[in-house]
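Chemist: Have a look at this one.
The values are calculated or read from the model by the stated rules, or taken from the named source; none is laboratory data. Note that the structure is predicted; figures quoted are calculated from it, not measured. Every residue, glycine among them, receives a Cβ derived from its backbone with ideal geometry; neighbour counts consider all protein chains shown.
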Amino acid sequence: MKEQKEIIQPISLSGKFIMKLSIKQFWVKLNLVWFVLFFLIGCILLATFYPYYIEKLYSARLYRIYAEMLRWLTGRLPFSIGDVLYVLAGFYLGYSVFKLGKLLFQKNRSGIRCLLTRMLKIGGVGYIWFMLSWGLNYHRLGIAYQLGIEVKPYTTDELCVLRDSLAYRLNELRKQITADSILPTPALAKLYQQAPRYYSWAAKRQLFLQYHYPGIKSSLFTPWAKYFGWGGYYNPFTGEAQIRANMPRILIPYTVLHEIAHQIGYAGEEEANFVGYLVASESGNAYVSYSCYSELYKYVFNELLLRNTFPDASPALDTLVKNDFKRVNRFFMEEQNNIAPQMMNLYDVYLRANQQKNGINSYNEVVGLLIAYQKKYGKI
């Protein structure tokens with residue numbers, strides 16, 4: 001028995017030594033992970049102070065290459081892999097919240113600490129991935145810099161001139177489409193396939209509008225889209241542009257052009273709106289242009305509403321155009337619910353956290369870009 005004790009004791013001491021060594025290695029690895037995360041986040045935050053280098057090195061080069069590779073991989077799939085990832089992420093978040101509640105009820109401090117640590121790590125990795133794969137585009141110089149236009153505060157008279165120009169173009173385009181009271185409804189697949197071609201034509205005038213390896217898909221969440229309040233969205237983790245497929249068809253072309261603008265690196269909503277306008281104006285397709293000008297007119301109209309200005313001299317919209325607007329408005333009025341406003345409030349917070357100081361109203365800032373562009377080029 002004495003010999004057995006002598007043998008067992010060294011093994012026990014060795015086991016304690018190994019355990020202590022393992023714990024020490026664990027904490028070293030844990031601290032290393034946190035160091036790497038904080039270091040990368042710090043570098044990213046530092047980079048946001050240098051928009052010129054983000055524009056030249058990241059947006060115009062690194063991001064372009066990365067985004068094209070991503071679309072080449074995901075664009076071939078017939079469904080939205082990004083939507084699938086969102087569902088899985090939602091399940092994981094729900095499971096984590098449930099588990100956290102259970103641990104709180106059990107007062108399991110070590111379990112709570114472990115779970116929160118894991119969730120913070122995942123959040124840190126997600127933030128780094130988001131910023132490096134797309135988010136830095138929020139800090140670029142952008143389309144105004146590329147076109148050499150200067151966006152300044154605009155007067156009400158300038159706003160009215162823009163509104164009048166858009167009204168004239170809307171009346172003209174509506175007659176080119178059809179004399180019928182009901183607009184045609186082209187197939188979704190056709191609208192998705194045409195959009196990249198229009199970008200190719202626009203890129204002949206503006207090289208930075210080049211778009212390769214399309215990745216445009218109908219959202220898997222379309223049946224529930226009315227509860228989210230969006231018409232389309234870009235998934236920065238998969239490079240896919242998702243479109244709400246059950247909207248009034250006339251809204252689809254401009255929404256597609258807007259989401260493609262996000263795909264090629266224009267993160268700001270007002271910039272994506274303006275890039276969509278640049279492409280639509282070069283498309284030579286009356287239906288696509290009408291889709292674009294209809295939305296732009298609404299943005300200008302909203303700005304006039306805020307200024308409470310409605311000059312009598314403004315050109316009247318054609319009856320057919322007014323009826324088209326009424327149909328679209330009726331569609332969204334019938335979809336009103338209590339969830340969508342809350343979701344839009346969350347999106348407003350997201351935009352404000354990403355250099356969009358006016359939040360959801362950033363979409364309207366396309367008006368300033370349009371006025372600056374009209375001043376420089378004398379057209380709209």
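Chemist: When you go through (1) part of a helix (DSSP H, G or I); (2) crowded, with 16+ Cβ neighbours inside 10 Å; (3) hydroxyl-bearing (Ser, Thr, Tyr) one by one for Tyr211, which number turns out not to apply?
Modeler: Status for Tyr211: all satisfied but (1).
Chemist: With the checklist (1) part of a helix (DSSP H, G or I); (2) of a type outside the set (Phe, Trp, Tyr); (3) in contact with a helix residue (DSSP H, G or I) (Cβ under 8 Å, 6 or more places away or on another chain) in hand, flag the one item Pro223 doesn't pass.
Modeler: Condition not satisfied by Pro223: (3).
Chemist: Could you grab me the full set of residues in segment 227-267 that are more than 28 Å from Ile177 (Cα to Cα) and either in contact with a Lys or Arg (Cβ under 9 Å, 6 or more places away or on another chain) or among the β-branched types (Val, Ile, Thr) (or both)?
Modeler: Phe228, Thr238, Gly239, Glu240, Gln263, Ile264, Gly265, Tyr266, Ala267
Chemist: With respect to Ala280, determine if the residue is under 28 Å from Asn337 (Cα atoms), modelled with pLDDT of 95 or more and surrounded by 22 or more Cβ atoms within 10 Å (Cβ to Cβ).
Modeler: no
Chemist: Taking helices (runs of 4 or more DSSP H) that fall entirely within segment 295-378, which contain at least 2 residues that are touching a Lys or Arg at 6+ places or on another chain (Cβ under 9 Å) and modelled with pLDDT of 90 or more?
Modeler: By residue number, 319-334, 366-377.
Chemist: Still on this model: Please indicate, with yes or no, whether at least one residue in segment 97-107 is in a helix (DSSP H, G or I) and under 28 Å from the mean Cα position of the chain (by Cα).
Modeler: Taking every residue of segment 97-107 in turn, at least one turns out to be in a helix (DSSP H, G or I) and under 28 Å from the mean Cα position of the chain (by Cα).
Chemist: Let me ask something additional. Residue check: is Tyr52 loosely packed, with under 13 Cβ neighbours inside 10 Å and farther than 28 Å from His212 by Cα?
Modeler: no
Chemist: Out of all the residues in segment 129-169, which are crowded, with 16+ Cβ neighbours inside 10 Å and not in a helix (DSSP H, G or I)?
Modeler: The answer is Trp134, Arg140, Gly142, Ile149, Val151, Tyr154.
Chemist: Out of segment 250-282, which residues are within 13 Å of Gly142 (Cβ to Cβ), among the β-branched types (Val, Ile, Thr) and assigned to a helix (DSSP H, G or I)?
Modeler: Val275
Chemist: Just to be sure before I move on: is Leu120 surrounded by 12 or more Cβ atoms within 10 Å (Cβ to Cβ), under 26 Å from the mean Cα position of the chain (by Cα), assigned to a helix (DSSP H, G or I) and in contact (Cβ under 8 Å) with a residue 24 or more places away in the chain in the structure I sent?
Modeler: no
Chemist: Can you find a residue in segment 205-217 that is among the aromatic types (Phe, Trp, Tyr) and without any contact (Cβ under 8 Å) to a residue 12 or more places away in the chain?
Modeler: Checking segment 205-217: not a single residue is among the aromatic types (Phe, Trp, Tyr) and without any contact (Cβ under 8 Å) to a residue 12 or more places away in the chain.
Chemist: Here is a follow-up. Give segment 174-196 a look and list any residue that's surrounded by 14 or more Cβ atoms within 10 Å (Cβ to Cβ), out of contact with any helix residue (DSSP H, G or I) (no Cβ under 6 Å at 6 or more places or on another chain) and closer than 16 Å to Glu259 by Cβ, or say none.
Modeler: Leu188, Tyr192, Gln194, Pro196
Chemist: Among the candidates Ile177, Ile122, Ile112, Ile182, which residue alone is at pLDDT 95 or above and either among the β-branched types (Val, Ile, Thr) or on the phi > 0 side of the Ramachandran plot (or both)?
Modeler: Criteria check complete, one pass: Ile177.
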